[in-house]
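Remarks on the structure that follows.
The values are calculated or read from the model by the stated rules, or taken from the named source; none is laboratory data. Treat the numbers as computed from the prediction; the structure is a model and nothing was measured. Neighbour counts are summed over all protein chains in view; Cβ atoms, including those assigned to glycine, are modelled from backbone coordinates with ideal geometry. Note: accessible area is taken over every heavy atom of the protein model, side chains too, but ligands, DNA and RNA are not part of it. Shrake-Rupley method; radii C 1.70, N 1.55, O 1.52, S 1.80 Å.
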Amino acid sequence: MVLRVSDLRSALADIDAMTEEYVRFDYHHIIETMIEGSSKVLNRHCSKLERGRRPGSLRAFTANIKPRATKVDGKITQFRRHTTFRITEENKATADHNTPPTCSILYTDVLDLSDEDAQTFCINLRCDSKGQAMRRLVYKYAFLTCREVLKGVQLYAGQRDVERFQWCREHHASYPAGSLFLAVCEELKKILPTAFTFENKIQVFSTELRESIFKWAGWDIEIKNDFFAWRDSYGKTSPSMLRVSANSKVSQEFKEVLCVDSCYVSQWALQQQLDFIFSVRPAQNVRRFVNSEIALQVRHRVGSRILRLNAPTSSNSTQRDVPCCDARPPIVAMCMQSKGPSEVS
């Protein structure tokens, strides 16, 4: 018997139909689990935040889910929920009674939408059915929760960005987010073995990689140049108001693509990324840094890294001979060792 592509597509369609009919994903629990895992990983890595505090004081606390309706593109109203969490110190008695920073992660459950809104939502996700969109959202929310936690830690650290759209802070939150996600998956294996296995982790990352490649292919040359200018300046150069900053869809794509573009499967690389973004002292402008503070092995490279991540070659051959974007004269990256920064192929 010959297995044809059409047979696989038919089987996937049946799986999606059964998912839509019989499965209800608890996105709140998925997000909450990723927040808990992110907190544990950051406790070990964010030494820059522990000045004057006892080690391990950083905690992310989750609060109850609260539904709310929001306008999407000003045309349709989609029912969304948001998970709130606090970035604070464990068992801290706030003498000044200041409320710790609270962050919200918006998410949509497709089954809560009307048929018309669900159809529009699936089109935006490039999904053929509700069941396919439900599975895609599991990956999306798990991956992007780490970025939102980092934005909360920025508030905890008192970091600020004087630019209107805060593109430097957005860069700094996206830069280590992919690496943090992979580290969180490893952490969850210890406390919740069924949360994300190694295969799940690779599947989530592969899905986000394909999404990033699709978004990258859809940008024209001017938008790509805006992305490189923003990324290669580590957020100091804000993208064009005409093409990006005023376009919420494209600006969100910038951040999501950067999460993948700067992702490493290495605790060492994650430490270097976190040390850089939190090297700014509290209450200082996040734009006050020099590129020499960034470890050579985790600096942005010339060109888009997502295309090399998708190539069926080893990390050494895809990364070894690619110069840093800010190298003058060109500096060739060190060969990545197994205990140093490495990549997902």
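A few points about this structure:
- Selected residue [at negative phi, modelled with pLDDT under 90 and open to solvent by 40 Å² or more (accessible area, probe 1.4 Å)] from T237, T194: T194
- Of all residues in the range 245-298 being open to solvent by 40 Å² or more (accessible area, probe 1.4 Å) and basic (K, R), the one that is nearest to G152 (Cα to Cα): R281
- Exactly one residue out of W216, W230 is in contact with a helix residue (DSSP H, G or I) (Cβ under 7 Å, 6 or more places away or on another chain) and open to solvent by 20 Å² or more (accessible area, probe 1.4 Å), and it is W216.
- Subset of the range 8-54 that is polar (S, T, N, Q) and closer than 14 Å to I87 by Cα - its residue that is modelled with the highest pLDDT: S38
- Remark: R68 falls outside the filter, which requires a residue to be surrounded by fewer than 17 Cβ atoms within 10 Å (Cβ to Cβ), at pLDDT 70 or above, basic (K, R) and outside any loop (DSSP other than H, G, I, E, B).
- Exactly one residue out of T145, T120 is open to solvent by 20 Å² or more (accessible area, probe 1.4 Å), assigned to a helix (DSSP H, G or I), modelled with pLDDT of 85 or more and among the β-branched types (V, I, T): that is T120.
- If you go through the range 160-179 and keep only what is open to solvent by less than 30 Å² (accessible area, probe 1.4 Å), more than 12 Å from K236 (Cα to Cα) and not in a helix (DSSP H, G or I), you end up with Y175, P176.
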